[in-house]
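Notes follow once the structure below has been shown.
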Amino acid sequence: MANRSEEAECEIDSPRNQQDKSKAGILDLLLKRPLRWLTMLIEELHWSFFFGVIVVYGVSQGLGKGLSKVSTQYYFKDEQKIQPSQAQIYVGLIQIPWIIKPLWGLLTDVVPVWGYRRRPYFIFAGLLAMISMMVLWLHTNLHLALGLSCLVAGSAGVAIADVTIDACVTQCSISHPTLAADMQSLCGLSSSIGSLVGFSLSGVLVHLFGARGVYGLLGLTAGLVVVVGMVLNESPSRSLGRKHANEKFLDAGSAIWKTFQYGEVWRPCL
């Protein structure tokens, strides 16, 4: 009789145990494993690099892209009073800093500032974007040319920060080849979440604060890029003379030009 009662209890408890195990497995999959993965990246790559990836890809580029796209449309319509067809031309001009991204990459690789190749460019990019956004936020009845210049400068700040963090990711991929795929996953995850949040909140924020108010928020996100430049773990390199730096810049530009002459490179661009 005792054995039968124990078997009955086991039969009753087994579905509960299976349900508890399934819940624990889901919790481990959705929460514990991602936290362990993020903790591993922070320990292996340094927390400042992790912070830089989250800020640049997630906040500056991802969140900023979602907020700026909608706010720019309303800024041209409500503040500058221009037609949508004309506004599309100006939107295209704002993308020029992203078209010349190879130039920013050459500067960060070839021209160190005070012995650093990454930190000064983060600080410069953050200050450029922050000042531009603050001008758009604080000044009413801004002339179209000045407003467009601020938007182009803000776009340049985001592009420079983007290419600089790309260089940091590449450098870490060389020093930690086993974590290269994890770093790409972290970059993509940060950008995707930032873009999702940005596009989800853009309409609400424009409705509450107006297009200029959203630019004020973007100025705060640009300030985080300045913080990245201040805290990034980077060892100073040997400063190059101006003549030697110019030679390296020209050599790198020549190498890029030769690369673009291959059909496998320029055909996808079309």
Rounded to a whole number, the Stokes-Einstein D of the range 46-239 in µm²/s (Kirkwood radius over Cα pairs; 25 °C; 0.890 mPa s) is 144 µm²/s
Is the C-alpha gyration tensor of the range 153-206 telling us rounded, prolate or oblate? Criteria: a/c under 1.5 is rounded; beyond that, a/b larger than b/c is prolate, otherwise oblate.
oblate
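Starting from the Cα gyration tensor of the range 195-234, take the square roots of the eigenvalues, sort them a ≥ b ≥ c, and report rounded, prolate or oblate (rounded when a/c is under 1.5, otherwise prolate if a/b is larger than b/c, else oblate).
Values: a/c = 5.91, a/b = 2.19, b/c = 2.69.
Here the range 195-234 falls in the oblate category.
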Highest to lowest packing among 130-140, 169-179, scored as the average C-beta count within 10 Å:
130-140, 169-179
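Computed from the coordinates by the stated procedures, all read-outs in this text should not be read as laboratory data. In this text, all values refer to a predicted model and were calculated from it rather than measured experimentally. We place every Cβ from the backbone using ideal geometry, glycine too, and count neighbours over all the protein chains shown.
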